[in-house]
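The values are calculated or read from the model by the stated rules, or taken from the named source; none is laboratory data. This is a predicted model, so every value here is computed, not measured. For neighbour counting, all protein chains shown are included, and Cβ atoms are generated from backbone atoms with ideal geometry for every residue, glycine included. To get the accessible areas, we keep the full protein, side chains included, count just its heavy atoms, and leave off ligands, DNA and RNA. Shrake-Rupley method; radii C 1.70, N 1.55, O 1.52, S 1.80 Å.
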Amino acid sequence: MDSSERRKSGLNLPAGMSETSLRLETFSGSYRAISNLSSPSKATSCSDRFIPCRSSSRLHTFGLIEKASPVKEGGNEAYFRLLKQELFGSDFGSSPAGQGSPMSPSKNMLRFKTDHSGPNSPFSPSIFGPDSGFSSEASTPPKPPRKVPKTPHKVLDAPSLQDDFYLNLVDWSSQNVLAVGLGTCVYLWTASTSKVTKLCDLGPSDSVCSVQWTREGSYISIGTHLGQVQVWDGTQCKKVRTMSGHQTRTGVLAWSSRILSSGSRDRNILQHDLRVSNDFVSKLVGHKSEVCGLKWSHDDRELASGGNDNQLLVWNQHSQQPVLKLTEHTAAVKAIAWSPHQSGLLASGGGTADRCIRFWSTTNGNQLNHVDTGSQVCNLAWSKNVNELVSTHGYSQNQIMVWKYPSMTKVATLTGHSLRVLYLAMSPDGQTIVTGAGDETLRFWNIFPSMKTPAPVKDTGVWSMGRTHIR
């Protein structure tokens, strides 16, 4: 076709293209050109179609489903493979048999809709965006576990600290004073100054079986081997009151805001009110053996008690009978702790034949979880700074363990005591615990972060590392 013919047709055709390769059909006075994209030497049937400009199209906003079609003769197969890899990733089409690729078009992954990918999805919502690839959760390395110092930063000698599972001889007040029952005496150790004060001596006919500070930290109660409950002013070192009622030793005490509860080998729990003249205002009967665990909930609404009868009982503030009887433990229940983070969440630990820490909802009485620790559980305490708890153990490993709740993953395992770790108390700031054992030592461990700055605990202490005596 010469230049004059090209002008007549209104088309500017490239040199070398013959009229036979072009067909013009007239519709309402307009021309529609259908070009043959295959080799000019082959005769193919042509049809109307629109070829968009891919660079300016927003393909990711539409639901596009790629349908398999044979590659045209002479097509560039390498080009198509590269294009698919760029669009859908290098793993496209290489999934194992029976498993769809997460990027496969058969999943309609480009469908125009709100993204509902969960946190477990390893891919970002759009493969075309600048954030394409793995999500930040998958790419971010897991946070390393918090480091807990493996050694105590203070050790106190505590001669005559009894190796008796059923006693409770150590408590730390909100005024930062540690009380320890040693034989017939109670000693007070002021943490800020390391000053030791002898509070009382019960004499040769009696001995200390339990100590417990009030929540305000000014008064301390003492349970004795003869069954008495004494209340002392810790600041003035003066006895305030003596209350009777138990037939034998009083091994556990617990203060609420107004009531002092005492548990005894006589299987009873007595409720004492210092505002009235009576020795006790009520008696709770439910255990069939010695009461060795006793804790009030933080809101003063419920009292949990554990006994050598393997029972964990829950009482409310007005009941004379337990509102819950939890009997899953198979050994004595001394270790009891209420969560400060969740109302009605109670933790308990069993003795040598049980070894389990169990978690309960006192709202409905259901057991939420349990974990076998491998050793006798002697004490439990919940951190008020973080949602973790610490347990101390006896036979057979004598270890101290820090747990993250609710996963119950181990944060740390501490060793150092040579006998059962029977006693546990926590400092007022919630960062340090003190443990006592039949090896006649008290060891101070910095295991929890502060409430304000949850930074890793430094392996340094307020006190010197030297060993001193508590009396």
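Can you flag which of LYS150/LYS325; LYS239/LYS295; LYS198/LYS288; LYS239/LYS384; LYS334/LYS404 are past 29 Å Cα-Cα? From LYS150/LYS325; LYS239/LYS295; LYS198/LYS288; LYS239/LYS384; LYS334/LYS404, over 29 Å: LYS150/LYS325; LYS198/LYS288; LYS239/LYS384. For the pair LYS288 and THR413, a Förster radius of 30 Å applied to the C-beta separation gives a FRET efficiency near 0.30, rounded to the nearest 0.05. Annotation: for a label point projected 7 angstrom from Cα along Cα→Cβ of THR197, residues of segment 241-280 with backbone N closer than 20 Å are 241-242.
What segment 155-446 shows is 36 Å² of accessible area per residue, with the surface traced by a 1.4 Å probe over protein heavy atoms. By the gyration tensor of its Cα atoms, with a ≥ b ≥ c the square roots of the eigenvalues, what is the shape of segment 161-211: rounded for a/c under 1.5, prolate for a/b over b/c, or oblate? Oblate, since a/c reaches 1.5 and b/c is not below a/b. Given axes a ≥ b ≥ c from the Cα gyration tensor, I'd like to know whether segment 252-355 is rounded (a/c under 1.5), prolate (a/b larger than b/c) or oblate. Here segment 252-355 falls in the oblate category. Give me the Debye-computed log₁₀ of I(q)/I(0) at q = 0.10, 0.14, 0.17, 0.21 Å⁻¹ for segment 135-266, equal point scatterers on Cα only, no solvent, two decimals. Values returned for q = 0.10, 0.14, 0.17, 0.21 Å⁻¹ are -0.39, -0.63, -0.87, -1.26. In terms of its C-alpha gyration tensor, segment 204-303 comes out oblate, because a/c is 1.5 or above while a/b does not outweigh b/c.
Rg and Dmax of segment 155-446, based on Cα coordinates, read 17.3, 49 Å. Surface composition of segment 155-446: carbon and sulfur make up 44 percent of the accessible area, probe 1.4 Å.
Extending 7 Å from Cα along the Cβ direction at GLU328 and again at ASN385 yields two label points whose distance is 3.0 nm.
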